[in-house]
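Structure, as C-alpha cells:
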Amino acid sequence: MTSAFTEQPLPPWQRAVIKVGSSLLTDGKGGLGKRNAAALAGLIGHFADQGREVLLVSSGAVAAGRGLLANHHMGVIQRQALAAIGQTPMLALWQGLMEQPVAQVLLSHDDLRNRRRYLNAQSTLRELLRIGALPIINENDTVAVAELKLGDNDNLAAAVATMVEADILLIATDTSGLFTGHPVEDPDAKPVPKIDEITTDIMRMTSGGAGELGTGGMYTKLEAAIKCASAGIGTALFCGHDAKAIAALAEDRLLGTYIEPHGDQLVARKQWLRHTPPSGGAIRIDPGAVEALCEHGASLLPGGVIGVEGDFSRDAMVDVLPAEGNCRLARGLVQYQSSDLRRIAGHHSSDIQKLLGFDHGHSVIRREDMVLLAPTSTAEF
C-alpha cells in the first residue's frame, strides 16, 4: 500500500490510548480476524518493551457476537446481547497476541458522569498500568440505554485519554488519515497531514458515515480529537492495516494526520491544582517525606504521614505541612478521607488493605495530583 502521506515526527510520549475500530478486526465473513490485530499487538508490545504505557479501546465485540450467531436481527436488545457474547472472543483475540496480561474494563456514561465512579475507574486503570497489564476498554453496551450511551468508541477513547492523562491518542482507521474530500469518491482530495485547530470547515470535510460494522466515521474521530486537544492531548490518525504506517509509529513517526493540542496539559493541571480552594484539611509529614516530595518529586505515601488535621473526603484538596510550623509545602487531591487516613498514617502502603478492608492505591496523594508551594522547593512535578 502506498500512503498519500509523508512521514512526520510524533511528539515524545509516555502514555497513549490506542483506539481500534471494528472494520480492522473482522475477517470479511462477519467474525474476528487476526491480521490487523496481530500487527497492532506487536506495536503495543514494542511500546511495552520501551517502558511506555498503552490503554486499548477496542471495538469488535458486537461483530464477534454476530459472527457467532449469523443472520441475527440487529435491534437494540439484540445488539446488547451480541456485545455480551462477543466480549469473550474479542478479549481472547487480543490475549492470544499479547505477552502481557490483558484486562477488560467496561465503562458507561454514568461511570464518567458520577464523580465517585469516575475516580474508581481512574484508579483501576492506573493500577492496571502500574502492574504491567493492558487495559482493554469498551462501552458497557450490555446495560447501556440509548439516552445514556457514549455512542461510539472514538469519543470513549477521548474520555479515557483525559481520564488517565494520556500524552497522545492514536486512532487506527481504515484510511490513511484526513483528506480534503472523500479519497475514493473525490479524485482531487488532498491529504491533510497536520491540523493546528479543528474548524467548522475542517469538520465539513467529513461525511460522518461509518462502515457496516462501525458506529462512527471520520466526523467522530475529529470530535474525539477536539476533546483531547482541549485537554492538552494530541491525536494521531493512521491506517490500521498499513504495515508501513505501523512500522513508522514504532519509530515515533506518523504516516497520517496529527491534530495538535491547544496547550500544555501538565502546566494547565498544575495551575488548576495551585489555585483550587482547599478543603480546610491538612496533612503533616515527617522529614523523610518532605525530602521525597520536594527533592525527588515523589508521591506522598502513608508511611510519611504523622498527622491529619480537619475532616475531609476522598479527592478533597488538602495542604501538606511539615512536622512543625505552618509553612505549606504542597497541596493536592487526597486519595483517602481523613478518618481512613488517620488509620493508615505511618504504615506501609502494603498494609492499607489489611487496615481498611479496601485499597484506593498505594499513595495518599499521587505526584500528578500534587503541586509544590514551598519557595525552597527544587522540583516541580
Residue match in the stretch 87-110 (condition: out of contact with any helix residue (DSSP H, G or I) (no Cβ under 7 Å at 6 or more places or on another chain), at pLDDT below 75 and farther than 27 Å from Lys34 by Cα): no
Matching residues in the stretch 283-303 - criterion: being open to solvent by less than 20 Å² (accessible area, probe 1.4 Å), in contact with a strand residue (DSSP E or B) (Cβ under 7 Å, 6 or more places away or on another chain) and in contact (Cβ under 8 Å) with a residue 40 or more places away in the chain: Ile283, Ile285, Leu293, Cys294, Leu300
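One line per residue, one yes/no per condition, for (1) surrounded by fewer than 19 Cβ atoms within 10 Å (Cβ to Cβ); (2) not in a loop (DSSP other than H, G, I, E, B):
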residue	(1), (2)
Gly307	yes, yes
Phe312	no, no
Asn326	yes, no
Asp340	no, yes
Residues located in the stretch 1-39, provided they are in a strand (DSSP E or B) and modelled with pLDDT under 85: Thr26, Leu32
Set Gly211, Gly216: member being at pLDDT below 80 and crowded, with 18+ Cβ neighbours inside 10 Å: Gly216
Qualifying residue in the stretch 125-146 (condition: farther than 30 Å from His360 by Cβ, modelled with pLDDT under 90 and open to solvent by 10 Å² or more (accessible area, probe 1.4 Å)): yes
Residue count, the stretch 152-187 (criterion: open to solvent by less than 10 Å² (accessible area, probe 1.4 Å) and of a type in the set (D, E, K, R)): 1
Hey, Asp49 modelled with pLDDT under 95, charged (D, E, K, R) and surrounded by fewer than 17 Cβ atoms within 10 Å (Cβ to Cβ) or not: no
Residues of the stretch 228-259 classified as at pLDDT below 95 and under 12 Å from Glu197 (Cα atoms), total: 3
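The values are calculated or read from the model by the stated rules, or taken from the named source; none is laboratory data. Bear in mind the structure is a predicted one, so any value in this text is a computation, not a measurement. Cβ: placed from backbone, ideal geometry, glycine included. Neighbour counts: every protein chain shown. Surface accessibility is based on the protein's heavy atoms, side chains included, excluding ligands, DNA and RNA. Shrake-Rupley method; radii C 1.70, N 1.55, O 1.52, S 1.80 Å.
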